[in-house]
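K.L.:
Got a structure for you, written out below as structure tokens; questions coming shortly.
Every number here is computed from the coordinates shown, using simple stated rules; none is lab data. A quick note: this is a predicted structure, and the numbers were derived from the prediction, not measured. Neighbour counts run over all protein chains shown; Cβ positions are idealised from the backbone, glycine included.
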Amino acid sequence: MVSRAVSFTRAELMAVLDEVKDPEVPVLSVVELGVVRDVEVLDDGVRVTVTPTYSGCPAMAAIEHDIAHALRAHGVANVQVRTSYLPAWTTDWIPAAAREKLRAYGIAPPGPADHEAPVQIGRRRAAVRCPFCGSPHTQLRSEFGSTACKAIHVCDECRQPFEEFKAI
Amino acid sequence: MSRADSSAAAQPRNDNFQYLLRLGDDRLVLGHRLSEWCGHAPILEEDIALANIALDLVGEANLLLTLAANGEAGGRDADALAYTRDAIDYRNCLLVELPRGDFAVTVARQFLFSCHALAQSDALRQSANTDLSGIAGKMHKEARYHVRHSGDWMLRLGLGTDESHARLQAAVDDLWRYTGEMFLTDEVEQRLVAAKIAVDSSTLEDPWKTRVLDVLKQAGITTPEVVWMQRGGRMGRHTEHLGHLLAEMQVLQRQHPGATW
């Protein structure tokens, strides 16, 4: 018996996964976030390769569940979700259009991730532009916010506290 | 290890298992210690920060212990390794199991460990074991902001009030004798270094010292003089504190083996 899985193209499967939102940042899909690295059509189903954002990200189990659920809802009976750590996930994988969605949602998008630069201790980080009024006059309040991937800032111009998706 | 197989063919597997336990146990035990601050940190932002860093460490431990379990013949998984081993089978260094102390002790310990983790994960990105190098890439990114977070606090406490300075100095004085163990190497590690899987821990001491001494100096903290470095964790000889930590961490799985929710 031929599974329905093979009747989908890779692009169609990606489109299905693009409907799956990140549980913590529901304005972005798991594809836009770069968590979905690959989708392969196998003889008896579909294999999705995901790369976790943070080692301890509590949303990963929910994301894997949501991915399998979305594909099953489209008739793919056998869904395998495989985890790959190489290369490590980076915010650089978030495309420009998705960054704009973040900003419109009120989260400052990540700057470029330079994970080879020397670690700076006791240095002020460059101010993050306010996603609400666009002012560069903002202050970092906490390097950690409601989730590990976000920092908390406050805007000196419009007085609005806001979150920043940290570059990693 | 009671489960160690003495045949020659099993040695690489046993070495890998031991090495991954060391890496994983350091992070599991420190992550658990750090989680004790949840709801108790001095300010809300710090409460969130410490809980997030604890989550990173436990997440890293989960990856490392899963890798250890996958390579073991015993059929255990990461949960079994975390929740059913006794203290004598834990391979973490002593530094990470010490009580959390006051906030200065926590900051100093995080800084001393994170600087080591940064150099270690950087080197392990080149490991011939691609599962380990992948995890190391992740750990390296996380160690970068762990160093930044604890390093910033070293400066704040060292340059803050007389009270914060005195507490940080006392913390560094107390913890210093536990730092040497992070740079010890042994036959297990050397065999894996030869196989290009592990990093020689003794080579991590120089980059660690460069960074740590620089921050201590900036924070106005005197570097302690030490005549004897404590050791034993890598061989399962722990302080009395680890047993208490495990009693709390393991109680549910010990009372209800295999329980899930």
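K.L.:
With the structure loaded, tell me whether B:Arg91 is of a type in the set (Lys, Arg), assigned to a helix (DSSP H, G or I) and either within 11 Å of another protein chain (Cβ to nearest Cβ) or under 27 Å from A:Ala88 (Cβ atoms) (or both) or whether it fails that test.
P.N.:
Values: of a type in the set (Lys, Arg): yes; assigned to a helix (DSSP H, G or I): no; either within 11 Å of another protein chain (Cβ to nearest Cβ) or under 27 Å from A:Ala88 (Cβ atoms) (or both): yes.
Judged against the criteria, B:Arg91 is not a match.
K.L.:
Going through segment B:31-45 one residue at a time, which ones are touching a residue at least 40 places away in the same chain (Cβ under 8 Å) and at the interface with chain A (Cβ under 9 Å from one of its Cβ atoms)?
P.N.:
None - no residue of segment B:31-45 is touching a residue at least 40 places away in the same chain (Cβ under 8 Å) and at the interface with chain A (Cβ under 9 Å from one of its Cβ atoms), so the list stays empty.
K.L.:
Out of all the residues in segment B:46-65, which are under 20 Å from B:Asn92 (Cβ atoms), of a type in the set (A, V, I, L, M, F, W, C) and at the interface with chain A (Cβ under 9 Å from one of its Cβ atoms)? First the steps, then the outcome.
P.N.:
Here is the first cut: in segment B:46-65, the residues under 20 Å from B:Asn92 (Cβ atoms) are B:50, B:53-65.
Next cut, of a type in the set (A, V, I, L, M, F, W, C) only: B:50, B:53-55, B:57-58, B:61, B:63-65.
B:Leu50, B:Ile53, B:Ala54, B:Leu55, B:Leu57, B:Val58, B:Ala61, B:Leu63, listed by residue number.
K.L.:
Another question, then. How about segment A:105-162: which of its residues are at the interface with chain B (Cβ under 9 Å from one of its Cβ atoms), in a strand (DSSP E or B) and in contact (Cβ under 8 Å) with a residue 12 or more places away in the chain?
P.N.:
Answer for segment A:105-162, where residues must be at the interface with chain B (Cβ under 9 Å from one of its Cβ atoms), in a strand (DSSP E or B) and in contact (Cβ under 8 Å) with a residue 12 or more places away in the chain: A:Arg141, A:Ile152.
K.L.:
Next question. Please determine, by comparing only the residues of segment B:194-221 that are more than 16 Å from B:Arg109 (Cα to Cα) and in a loop (DSSP other than H, G, I, E, B), which one is nearest to the other protein chains (Cβ to nearest Cβ).
P.N.:
Among residues in segment B:194-221 that are more than 16 Å from B:Arg109 (Cα to Cα) and in a loop (DSSP other than H, G, I, E, B), the one nearest to the other protein chains (Cβ to nearest Cβ) is B:Gly220.
K.L.:
Taking the condition farther than 24 Å from A:Cys149 by Cα, aliphatic (A, V, I, L, M) and within 14 Å of chain A (Cβ to nearest Cβ), does B:Leu157 pass?
P.N.:
yes
K.L.:
Also, I was wondering about something else. B:Asp77 versus (1) free of Cβ contacts under 8 Å to residues at least 60 places away in the same chain; (2) closer than 26 Å to B:Gln18 by Cβ; (3) within 9 Å of another protein chain (Cβ to nearest Cβ); (4) charged (D, E, K, R): which is the lone unmet condition?
P.N.:
In the conditions (1) free of Cβ contacts under 8 Å to residues at least 60 places away in the same chain; (2) closer than 26 Å to B:Gln18 by Cβ; (3) within 9 Å of another protein chain (Cβ to nearest Cβ); (4) charged (D, E, K, R), B:Asp77 misses (3) alone.
K.L.:
The conditions are (1) of a type in the set (A, V, I, L, M); (2) in contact (Cβ under 8 Å) with a residue 24 or more places away in the chain; (3) surrounded by fewer than 19 Cβ atoms within 10 Å (Cβ to Cβ), and A:Val76 fails exactly one of them. Which is it?
P.N.:
Checking A:Val76 against (1) of a type in the set (A, V, I, L, M); (2) in contact (Cβ under 8 Å) with a residue 24 or more places away in the chain; (3) surrounded by fewer than 19 Cβ atoms within 10 Å (Cβ to Cβ), the one that fails is (3).
K.L.:
Identify all residues within segment A:22-56 that are within 14 Å of the chain's Cα centre (by Cα), over 16 Å from A:Lys166 (Cα atoms) and within 14 Å of chain B (Cβ to nearest Cβ); write none if there are none.
P.N.:
A:Arg37, A:Val50, A:Thr51
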